[in-house]
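A.B. asks: So that we are looking at the same thing, I have put the structure below in structure tokens.
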Number of protein chains: 2
Amino acid sequence: MKKINLKDNHHFALYGSTALAEPGFKRFSDNELNMIKVVSPRVYELAKESSGIQAHFATNSKWIELSIKFNKIFSMTNSSPIGQMGVDLYVFDNKSNQYVFCGVSRPEINQTSYDTLLVEFETNEMRKFILNLPLFVAVEELTLSFEDNSAVLPLQENKKKIMMYGTSILHGACASRPGMSYSNILSRRLNVEILNYGFNGNAHNEKEIAQILGKRNVDLFIIDSEANAYDDSILERLELFIKTFKQYQPHTKIIITNRIPYFKDHLEKERQLKREKYDAYFNYLKDTIKDLIFVDVYQELCDDLEITGDGLHPNDYGMVKMANIFEKIIKTHL
Amino acid sequence: MKKINLKDNHHFALYGSTALAEPGFKRFSDNELNMIKVVSPRVYELAKESSGIQAHFATNSKWIELSIKFNKIFSMTNSSPIGQMGVDLYVFDNKSNQYVFCGVSRPEINQTSYDTLLVEFETNEMRKFILNLPLFVAVEELTLSFEDNSAVLPLQENKKKIMMYGTSILHGACASRPGMSYSNILSRRLNVEILNYGFNGNAHNEKEIAQILGKRNVDLFIIDSEANAYDDSILERLELFIKTFKQYQPHTKIIITNRIPYFKDHLEKERQLKREKYDAYFNYLKDTIKDLIFVDVYQELCDDLEITGDGLHPNDYGMVKMANIFEKIIKTHL
């Protein structure tokens, strides 16, 4: 058995974070995290969770085993243990010319580590894989094991890079497994690297975060931060957030979006008035800031309230619908 | 506050079981359960879980609170606490002329009882509701509370009745909330009562179960039992199961279906050979038994492996896709 640490870049190429040369599977570097800690202690913690991080590799091993250690036991009411702490594996299918789901871990609710056989094949041919890391835990150790005499090669791909900033919806709450978070669906469908900056209960458009994100050279920046903008903070902060980012990256196209419909939106008049106010603000930003695109996700989805698992967060049906909307708009602008 | 037991038929009409006049929210009567215990001790237990059972009512109360007691704590790896132990509520929306999701409970993983505010409105107009009971617990007590001076009326509807027999897929594993199990989606879309006989890890086509199901006068009988037919037991049992049912209900149309695609189906040749053998058997049954329809769910879904949460059970995206297939076929034959 050939047991290889996922950080071994002779064997695995990692995507979905700019901080993967440092220990762990964080979404910000230690240096950035120290700056963030002052502004947002919660984002400081959540940024250590591996949402959106992927390993790409090829192997001719007949089987792949996984061994993982992380920092949490299961506790979410709207997600399964697989959704919170699981990994899933996709294999490239030559017939359909796409990556298809082929393996998943099924952690128990009281585990902070587990070993599992992820996939097994009948032959030894060379195959390409994407492993999606857990959405809601900080992974401390991850190794994959293969047949002794097998080849394991990193898939170094020169992909376009998209950065997404958002809330628990982007973080992946309610997805049945990591591959079903909408950023991971998009990454597969469009063959792009996506930096997932989705933070459960957060994304408050702090300008300090924009300063950090502005250091990334990306082909497209998508901001999906309305859902946690309590007390109209989005009206006060989003413009500055965008302008701060543009100071660093004046030529990067930015897509802003309103949040998905919640089931209560239909019930409370106040929410409808807020909707109008926020959408007017999004449209004002679109009209006044160069290269800014506004995607009206709310309008596209408001006729179908089946899209959420808990009234707030997209279930897999909603994740696919979100991915459909963004796939179209990204294809136009990338 | 007006606190009413869900079994009070002056206020609530219950659907989805023929055993609701007895205590609890079982899917078989005590008499039937005693017969089942001998044949299948697991179905005896699982039949007490309230999957597919619904309360239909109208009220002008501004709010609805729920109080519930059941027999299990959360333990499923592929389902969330909401999916296993939660309830959800739908309200009739006059604009779109359909029931829409408007409330959900969010049980913690260590709870066997909870109280929650399910929904709140701004006005007192009369509204129609469907409450979906938990998929994977036996409910011992369920009360709803309303404003003191509000009206609460049962919605007694003369609906067509469909009976479905199947595995954990029908039971609802991986659905994000009860309303997203495919039998509950179909019940809403088609305005029919569905008796859900989905049993996690079971549905072994025992003729004794067919004898019991044969006592129900229903408009359509759907059998989705392949998924747990290990060791080719379906080839030995399904024909007798159907013929036993037909002894009691010779004129009821029956739909048989193969299972949804699993991710491993593409990887193992043996599974493909089994698929061909089983489909030949389904086609043989269709050709030799009168009024028997075969729906090739496998073929309809095999190009999209995103439909499962764990490789075996439909996530909400898969549930909607299954409902789409069955909606069409039921409309043709009901």
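None of the figures in this text is laboratory data; all of them are computed from the coordinates on show. What you see is a predicted model; the values in this text were computed from it and never measured. Cβ atoms come from the backbone with ideal geometry, glycine included; neighbour counts cover every protein chain shown.
A.B. asks: Per residue of A:309-322, how many C-beta atoms from partner chains lie within 10 Å of its own C-beta, taken as a mean? Walk me through the intermediate numbers first.
C.D. replies: On the way: counts 13, 10, 8, 1, 1, 2, 13, 14, 9, 3, 4, 8, 2, 0.
The per-residue average across the peptide is 6.
A.B. asks: Which one, A:206, A:120, A:239, has the greatest fluctuation when you compute a Gaussian network model over chain A with C-alpha springs under 10 angstrom?
C.D. replies: Evaluated over chain A, the most mobile residue of the options is A:120.
A.B. asks: Here's a follow-up. What's the ranking of B:264-274, A:144-154, A:86-96 by average number of surrounding C-beta atoms within 10 Å, highest first? Show your work: numbers first, answer last.
C.D. replies: Values: B:264-274: 13.4, A:144-154: 16.9, A:86-96: 19.5.
Final packing ranking: A:86-96, A:144-154, B:264-274.
A.B. asks: I need the per residue convex hull volume for chain A, using only the alpha carbons, in cubic angstrom as a whole number. Numbers along the way, then the final one.
C.D. replies: Working: hull volume 42.8 nm³, N = 334.
Given the Cα convex hull of chain A, per-residue volume reads 128 Å³.
A.B. asks: Using only atoms on other chains, find how many Cβ atoms lie within 10 Å of each Cβ of peptide B:97-104 and report the average.
C.D. replies: Details: counts 0, 1, 1, 7, 10, 6, 4, 8.
Counting other chains' Cβ atoms within 10 Å and averaging over B:97-104 gives 5.
A.B. asks: A follow-up question, please. Peptide B:113-125: average number of partner chain Cβ atoms within 10 Å per residue? Before the final figure, lay out each step's value.
C.D. replies: On the way: counts 0, 0, 0, 0, 0, 0, 4, 3, 2, 4, 2, 0, 0.
Mean partner shielding for this stretch: 1.
A.B. asks: Output, in nm with one decimal and in ascending order, the distances from the residue A:21 label point to the matching label points of the other copies (7 Å from Cα along Cα-to-Cβ).
C.D. replies: So the label point of residue A:21 gives 7.6 nm to the other copies.
A.B. asks: Shifting gears a bit: Starting from a label point 7 Å past Cα on the Cβ side, list the distances from residue B:155 to the same position in the other copies, nm, shortest first.
C.D. replies: Once sorted, the set of distances for residue B:155 reads 4.8 nm.
A.B. asks: Sort B:133-140, B:311-318 by the packing proxy (mean of other Cβ within 10 Å over each peptide's residues), most packed first.
C.D. replies: Working: B:133-140: 23.8, B:311-318: 26.0.
Top of the packing list down: B:311-318, B:133-140.
A.B. asks: What is the helix-to-structure angle for A:30-39, meaning the angle in degrees between its Cα long axis and the longest Cα principal axis of chain A, kept from 0 to 90 and rounded to the nearest 10?
C.D. replies: Value to nearest ten degrees: 30.
A.B. asks: Place the label 7 angstrom along Cα→C-beta at residue A:277 and in each other copy, then list the distances from the first to the rest in nm, shortest first.
C.D. replies: Label-point distances to the other copies, shortest first: 6.6 nm.
A.B. asks: Also, I was wondering about something else. Express as a percent, rounded to the nearest 5, the fraction of DSSP beta bridges in the protein assembly as shown (both residues included) that run antiparallel.
C.D. replies: Around 70 percent antiparallel, to the nearest 5.
A.B. asks: Okay, helix-only estimate at 222 nm for chain A: each DSSP H run of n ≥ 4 adds -39500 (n - 2.57), divide by all residues, round to 500 deg cm²/dmol; what do you get? Provide the component values of the computation, followed by the final result.
C.D. replies: Details: 10 runs with 100 residues, N = 334.
The helix-only estimate for chain A comes to -9000 deg cm²/dmol at 222 nm.
A.B. asks: Determine the percent antiparallel among the DSSP beta bridges restricted to chain A, to the nearest 5. List each step's numbers first, then the result.
C.D. replies: Values: 40 of 58 bridges.
Expressed as a percentage, antiparallel bridges in chain A total about 70.
A.B. asks: Distance between the C-alpha centers of segment B:192-215 and segment B:247-312? Whole Å please.
C.D. replies: One Cα centre to the other: 17 Å.
A.B. asks: If you don't mind, another one. How many percent of DSSP beta bridges within segment B:219-333 run antiparallel, rounded to 5?
C.D. replies: 10 percent
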